[in-house]
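The values are calculated or read from the model by the stated rules, or taken from the named source; none is laboratory data. Quick caveat: nothing in here was measured; it's all calculated off a predicted structure. Cβ sites come from the backbone with ideal geometry, for glycine too, and all protein chains shown count toward neighbours.
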C-alpha cells in the first residue's frame, strides 16, 4: 500500500483541481462577479493558512528585509492577483474543460519563460532538445486549435445543471460564440503565462527567504489586499458581495481551503517522494475529470476542436517532460563520470607519494 500512496495522492490533487474548475464555473454561471470571488477566495486561504503558519513557523521565521517584502508584493500581484483575476474573466467567457486543458500548457510555458531568462538551456542537437522544441510547438498548435477550430459538437447525458440556475441552451450559445471564445482562450493563456512567470521568479526569492509556509501565507495575504482594491474599484453594487448559502459560498470555501490549503501539502509530499516530473505528468488526469464532470453536471458541450486541441496540449506536455527527464538523467550520468575521473586522478596522485619511501624492487 505504501508504494501506491503517491499515485493516490496525485489522483486526489488532480480531482481537487478539477473540482475547482467546476465550482468556479458554476459560481460564475450563477451570477457571481469574478473579482469579488477572487478576493473571497484569497481571504479564505489566508484565514486557513495563518493559524498553521503561527503554529509551525512563526517562532523560527527568518528576518524579512524590505527589499524582499517588495519582491513578494510584486510577485503576489503578478503571479496570483492578476493571474487569478484574468483566469476568472476567461472562465466566464469559456468553459471549465478549457481551463483544465490549458493547465497542460503551464509546464511548457514555465520552461519557455525560463529559457528566455536563461535559466534553462535548449540543445537542438540532442534528442532531449528536439523533444522540448516539438512539445512547445505542439502546445502552440493545441492552443490555436482550441481557439479557432470548433467542428462537430458532442453532448453527454445531461438534462439539467446540478449547480446553475441559468438555462443550459443559453450557456451553450454563450460559450460557442466565436469572438467571446477566442477572447477567453487568449485570456486563459495570459493567465497561465503570469502563473508560469510566478513559478520561475519565486525560486530566486525562496533562496533568500526559505520559509515556504510563511512565504505562501504572506503572498495570500498580500493578494487578498490587492484583489480587494481591484474588486472595490470595479464592483460597487453591494448585492454583488453577498454570498448566502449557495454555490458561491461553496466555491469560495472550496477554492480557499481545499485548493490553496490541502493541495499545498499534498503536492509537497508527492514532490518529496516522487519528484516534480511525476506530479507534472499527472496533470492530464485533471483534464479528464473536468471534461467528464463538466459535460454531465454543467451541461457543457464538447466540440471536436476542443478534443483535438486537448490531445495536442497533452502530447506537448509529455514531450517536454520526456526531454527534461532525459536531460536530467544525462546530467546525472555525466556527474558520475566526472566524479569517477576525479577520484581516479586523486588516487594516481596518492600512490606515487606512498611509494616514495619504498626501495625499488
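For the reader, a short list of remarks on this structure follows.
- When the residues of region 85-106 are filtered to those that are within 13 Å of the chain's Cα centre (by Cα) and closer than 20 Å to residue 179 by Cα, the one that is surrounded by the most Cβ atoms within 10 Å (Cβ to Cβ) is 101.
- In region 203-236, the residue that is surrounded by the most Cβ atoms within 10 Å (Cβ to Cβ) out of those that are assigned to a loop (DSSP other than H, G, I, E, B) and in contact (Cβ under 8 Å) with a residue 24 or more places away in the chain is 209.
- Residue match in region 131-144 (condition: surrounded by fewer than 17 Cβ atoms within 10 Å (Cβ to Cβ), at pLDDT below 80 and either in a loop (DSSP other than H, G, I, E, B) or at positive phi (or both)): no
- Any pair with Cβ under 6 angstrom, 6 or more apart, that starts in region 283-300 at a residue that is buried (at least 23 other Cβ atoms within 10 Å of the Cβ) and ends at one that is modelled with pLDDT of 75 or more and not in a helix (DSSP H, G or I): 300/95
- Taken together, 57, 120 contain a single residue that is more than 20 Å from residue 191 (Cα to Cα) and modelled with pLDDT under 80, which is 120.
- Answer from 82, 52, 64 - the residue that is surrounded by 15 or more Cβ atoms within 10 Å (Cβ to Cβ) and either within 21 Å of residue 250 (Cα to Cα) or in contact with a helix residue (DSSP H, G or I) (Cβ under 6 Å, 6 or more places away or on another chain) (or both): 82
- For region 237-256, taking the residues that are without any contact (Cβ under 8 Å) to a residue 12 or more places away in the chain and either in a loop (DSSP other than H, G, I, E, B) or in contact with a strand residue (DSSP E or B) (Cβ under 8 Å, 6 or more places away or on another chain) (or both), the one that is farthest from residue 33 (Cα to Cα) is identified as 245.
- Residue 97 vs. criteria in contact with a strand residue (DSSP E or B) (Cβ under 8 Å, 6 or more places away or on another chain) and within 30 Å of residue 296 (Cβ to Cβ): yes
- Sole exception among (1) at pLDDT 80 or above; (2) assigned to a helix (DSSP H, G or I) for residue 291, by number: (1)
- Test: residue in region 1-9 that is in contact (Cβ under 8 Å) with a residue 40 or more places away in the chain and either out of contact with any helix residue (DSSP H, G or I) (no Cβ under 9 Å at 6 or more places or on another chain) or surrounded by fewer than 16 Cβ atoms within 10 Å (Cβ to Cβ) (or both): yes
- Candidate set: region 107-121, residues that are without any contact (Cβ under 8 Å) to a residue 24 or more places away in the chain and more than 25 Å from residue 310 (Cβ to Cβ); chosen: the one surrounded by the fewest Cβ atoms within 10 Å (Cβ to Cβ): 118
- Residue 38 being crowded, with 22+ Cβ neighbours inside 10 Å and closer than 27 Å to residue 225 by Cβ: yes
- The single condition among (1) closer than 22 Å to residue 216 by Cβ; (2) free of Cβ contacts under 8 Å to residues at least 12 places away in the same chain that residue 44 does not meet is (2).
- Every test in (1) at pLDDT 85 or above; (2) under 28 Å from residue 186 (Cβ atoms) is passed by residue 101 save one, and that test is (1).
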